[in-house]
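Read the structure below first, then the notes.
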Amino acid sequence: MLLDVRGLSALYPGSNEGLALHGVTFSIGEGEKVALIGANGAGKSTLLLSLSGILEASEGKIEVDGDALQKKNLPLIRRKLGLLFQNPDDQLFMPTVYEDVIFGPLNYAGSAAGNGSIHPSETESVDRTACGVLEKLEILHLKDRMSHKLSGGEKRLAALAVVLVMEPRLILMDEPSAFLDPRARRRLVAVLKTLPQAYLIATHDLALALELCDRCLILSGGHLRADGPARDIINDAALLDECGL
Ligand SMILES: Nc1ncnc2c1ncn2[C@@H]1O[C@H](COP(=O)(O)OP(=O)(O)O)[C@@H](O)[C@H]1O
Ligand SMILES: [Mg+2]
């Protein structure tokens with residue numbers, strides 16, 4: 001299994017609200033497209049943060065491609081699993097789009113070299129990969145633009161480029177279609193449809209879930225309430241209603 005989650009519970013340090021996730025169990029195979037739906041506060045973002053090792057699990061275990069998610073494995077796991085943050089401003093922190101896109105691969109090349117020094121051929125290869133990803137997303141023309149001055153749709157694609165350039169096998173996305181106008185949303189959908197790798201998309205956008213995913217998970221109050229074919233789950237009005245959707 002690409003992702004295997006067993007009895008995952010999570011708690012925000014310092015919060016007195018109790019567990020934000022209660023014993024969540026599911027797995028995702030190579031190339032699988034999965035939607036994660038649930039009302040506000042259901043625990044969708046919490047689950048994605050736990051899966052990326054940003055929020056430590058209080059109980060249970062997470063394995064990515066057979067490796068346990070633990071601090072010592074994080075660099076390895078971050079190569080296999082990428083998180084598209086809900087807010088692109090959390091992903092784009094360099095002055096230009098290009099610098100943001102090369103940041104991860106250069107960092108990785110530097111740490112792989114051990115002494116932080118990167119061979120010129122490595123820099124060239126990072127440049128080629130970065131430009132290839134920008135081209136695939138049709139935003140190569142935004143390469144030298146300042147990230148913070150882009151439109152919402154452009155920012156979303158630039159943030160996606162930052163994730164894709166690391167060539168993850170599983171992409172976690174937090175509300176990727178939020179705040180996009182119809183045209184930007186259509187572009188995002190078109191791009192996501194071309195991705196060969198597995199993804200887990202947390203979304204309120206049931207139409208997006210149906211368009212992109214064969215399978216759907218529902219979270220409600222931090223509990224996994226359903227896991228099955230997207231079409232069946234999203235058409236189950238009683239179930240959606242019960243889960244506040
Ligand atoms: N940084 C935080 N600190 C404490 N509690 C949080 C934090 N973020 C979210 N929560 C709580 O965790 C629960 C799940 O929230 P979240 O995962 O953000 O839900 P969703 O993404 O489905 O809207 C909620 O009860 C929320 O109040
Ligand atoms: Mg959220």
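Can you tell which of Ile62, Ile54 is over 22 Å from Ile233 (Cβ atoms), under 16 Å from the mean Cα position of the chain (by Cα) and away from ligand 2 (no atom under 16 Å from the Cβ)? One residue alone meets the criteria, Ile62. Each residue in the range 35-81 was checked for being assigned to a helix (DSSP H, G or I), surrounded by 23 or more Cβ atoms within 10 Å (Cβ to Cβ) and of a type in the set (A, V, I, L, M, F, W, C), and 3 of them qualify.
Check whether at least one residue in the range 69-88 is of a type outside the set (Lys, Arg), without any contact (Cβ under 8 Å) to a residue 60 or more places away in the chain, touching a strand residue (DSSP E or B) at 6+ places or on another chain (Cβ under 8 Å) and at positive phi, and report yes or no. Explain how you work it out, then say what you get.
Step one: list which residues in the range 69-88 are of a type outside the set (Lys, Arg), which gives 69-70, 73-77, 81-88.
Imposing the further condition that a residue be without any contact (Cβ under 8 Å) to a residue 60 or more places away in the chain reduces the set to 69-70, 73-77, 87.
Still in the running and touching a strand residue (DSSP E or B) at 6+ places or on another chain (Cβ under 8 Å): 69, 73, 76-77.
If we keep only those that are at positive phi as well, we get none.
No; the residues of the range 69-88 include none that is of a type outside the set (Lys, Arg), without any contact (Cβ under 8 Å) to a residue 60 or more places away in the chain, touching a strand residue (DSSP E or B) at 6+ places or on another chain (Cβ under 8 Å) and at positive phi.
Condition first: closer than 20 Å to Leu180 by Cα and either among the small types (Gly, Ala, Ser) or in contact with a Phe, Trp or Tyr (Cβ under 7 Å, 6 or more places away or on another chain) (or both). Now tell me which residues in the range 194-226 satisfy that. Within the range 194-226, Ala202, Ala207, Ala209 meet the criteria. Against the list (1) under 26 Å from Ser125 (Cβ atoms); (2) surrounded by 17 or more Cβ atoms within 10 Å (Cβ to Cβ), the condition Glu167 fails is (2). Would you confirm whether or not the range 137-144 contains a residue that is under 19 Å from the mean Cα position of the chain (by Cα), open to solvent by 40 Å² or more (accessible area, probe 1.4 Å) and modelled with pLDDT of 85 or more? Looking through the range 137-144, none of the residues is under 19 Å from the mean Cα position of the chain (by Cα), open to solvent by 40 Å² or more (accessible area, probe 1.4 Å) and modelled with pLDDT of 85 or more. Residues that are surrounded by fewer than 16 Cβ atoms within 10 Å (Cβ to Cβ), in contact with a helix residue (DSSP H, G or I) (Cβ under 9 Å, 6 or more places away or on another chain) and not in a helix (DSSP H, G or I) within the range 88-114 comprise Phe93, Met94, Pro95, listed in sequence order.
Condition (residue is within 15 Å of the chain's Cα centre (by Cα), open to solvent by less than 10 Å² (accessible area, probe 1.4 Å) and of a type in the set (Ser, Thr, Tyr)) applied to the range 171-179: is it met by at least one residue? Can you show your working first?
Initial filter on the range 171-179 (within 15 Å of the chain's Cα centre (by Cα)): 171-178.
Of the ones still in play, those that are also open to solvent by less than 10 Å² (accessible area, probe 1.4 Å) are 171-173, 176.
If we keep only those that are of a type in the set (Ser, Thr, Tyr) as well, we get none.
Taking every residue of the range 171-179 in turn, none turns out to be within 15 Å of the chain's Cα centre (by Cα), open to solvent by less than 10 Å² (accessible area, probe 1.4 Å) and of a type in the set (Ser, Thr, Tyr).
What are the residues in the range 56-65 that are modelled with pLDDT of 95 or more and either of a type in the set (A, V, I, L, M, F, W, C) or within 16 Å of Asn87 (Cα to Cα) (or both), if any? Residues satisfying the conditions are Ile62, Val64. When the range 14-33 is examined, which residues are found to be under 19 Å from Ala230 (Cα atoms) and within 16 Å of ligand 2 (Cβ to nearest atom)? Correct list: Val24 only. At least 1 residues being among the hydroxyl-bearing types (Ser, Thr, Tyr) is the threshold, and among the strands (runs of 3 or more DSSP E) wholly inside the range 148-244 those reaching it are 198-202, 215-220.
The values are calculated or read from the model by the stated rules, or taken from the named source; none is laboratory data. Note that this is a predicted model, so its numbers are computed, not measured. Every residue, glycine among them, receives a Cβ derived from its backbone with ideal geometry; neighbour counts consider all protein chains shown. We work out accessible area using only protein heavy atoms, side chains counted, and drop any ligands, DNA or RNA first. Shrake-Rupley method; radii C 1.70, N 1.55, O 1.52, S 1.80 Å.
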